[in-house]
Structure formats: C-alpha cells, structure tokens
1. Computed over the Cα atoms, what is the radius of gyration of the stretch 41-160 divided by 2.2 N^0.38 Å, N being its residue count?
2. In terms of the ratio Rg/(2.2 N^0.38 Å) built on C-alpha atoms, what value belongs to the stretch 47-91?
3. Please sort 70-82, 113-125, 94-106 by packing, taking for each peptide the average over its residues of neighbouring beta carbons within 10 angstrom, highest first.
4. For the pair Thr44/Thr151, report the inter-label distance in nm, with labels modelled 7 Å from Cα in the Cβ direction.
5. So if R0 is 35 Å, what FRET efficiency would Glu60 and Trp121 give, r being the distance between their Cβ atoms, rounded to the nearest 0.05?
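We did not get these values from a lab; they are worked out from the coordinates using the rules stated. Because the structure is a prediction, the values reported are computed rather than measured. Reconstructed Cβ throughout: ideal geometry from the backbone, glycine too, with neighbour counts over all protein chains shown.
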Amino acid sequence: VFEGCSKLIVYGKRGSAIERYMANNYHNDYNYLPFVADDAVTGTYDSPYGGWFIYTIVNEEVTIIKASKSIVAVIPDEIEGYPVTSIGDYAFANSPLDELTIPKNVTYIGESAFYGCAIRWMNLPEGLTSIGDYAFADCFSLGLEDGADGTVYIPDSVTSIGKYAFRY
C-alpha cells in the first residue's frame, strides 16, 4: 500500500488497529515505515553533511526514526534543544552509509537500526547502554577503515547486546 513513500510516517493512537497493522506489515528490513503515536512531536532535520533525519520528541528526548540513504551520517547531539538519546528500529537499514558518528547522549540503538549498511567507520559513545537485535547485522565492511583489522570497540557502559547484533 505504501511502497516508495520514503518520508511517510503513519500516525495513530497507541494500541490502535493501525499500530498493529504497521507492526505486522511494515516492520522489517526492506519495508519499514515508522508508526508514531499521537502524543509525540515529529520533525525533519536537514543535516549539514547531506541527507535528512526524521525524528520524534517524547518526554524531552529525541529519537531518530528514519533517515535518508546518504553516505555519511553525523547525528547531532541535540535537535530543537533536546538531546538525541535513541536511534529507532530500522532507522538507517539498508543505507549505503559509509561513516557514522553517534552523539554522546545516545543510550539506545534499536533493532536493525543499521542493518545491511556499508559502514566502515563509526564511534559508539561511552554512554550507550543497549544495542538491539540485528542492529549492525550484515554490515560487511564494519571496522575495515583504512586497513583496520575489523575490531569494533564496545564501551563498558553497554549492558545489553541483542541477538545477532553484529552478525555477518
């Protein structure tokens, strides 16, 4: 129904039929569309490095829920004066993303957030506590910047790593 709608966001009430429909039909690596509950504020952030992020603000915290298919992503520390604390499920999935900078306030990286990306270089911030299932799965180039050995540094602050988070 919603194929090819790259900036589409579906709004509705928590627990509604549309939320269940979206979870069952548009919550996967190739066909993800974000559902936003009606109590969230949303917006689009145009990155000075190219591309855009769609975000929500709930309880004075920002979650990146979708992003353009760009090569470099520098996620800002804050948007509209609120800290970016989460990267939502599938936000960057299957992007040609090559370099990734995650801000220090991010504590959560969602399920399949970077699944299938071409990331060679990234930083994981010291305050990160949770990495979701398949978050970096199938990122075949991860850690291979300029002849590196494929090592990815996971900060001591991480207390939860989901299944197959770094599988490839």
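1. Compared with the compact-globule rule of thumb, the stretch 41-160 sits at 0.98.
2. In units of the globular-protein estimate, the stretch 47-91 measures up at 1.08.
3. Top of the packing list down: 113-125, 94-106, 70-82.
4. For Thr44 paired with Thr151, the spin-label model returns 4.2 nm.
5. 0.70
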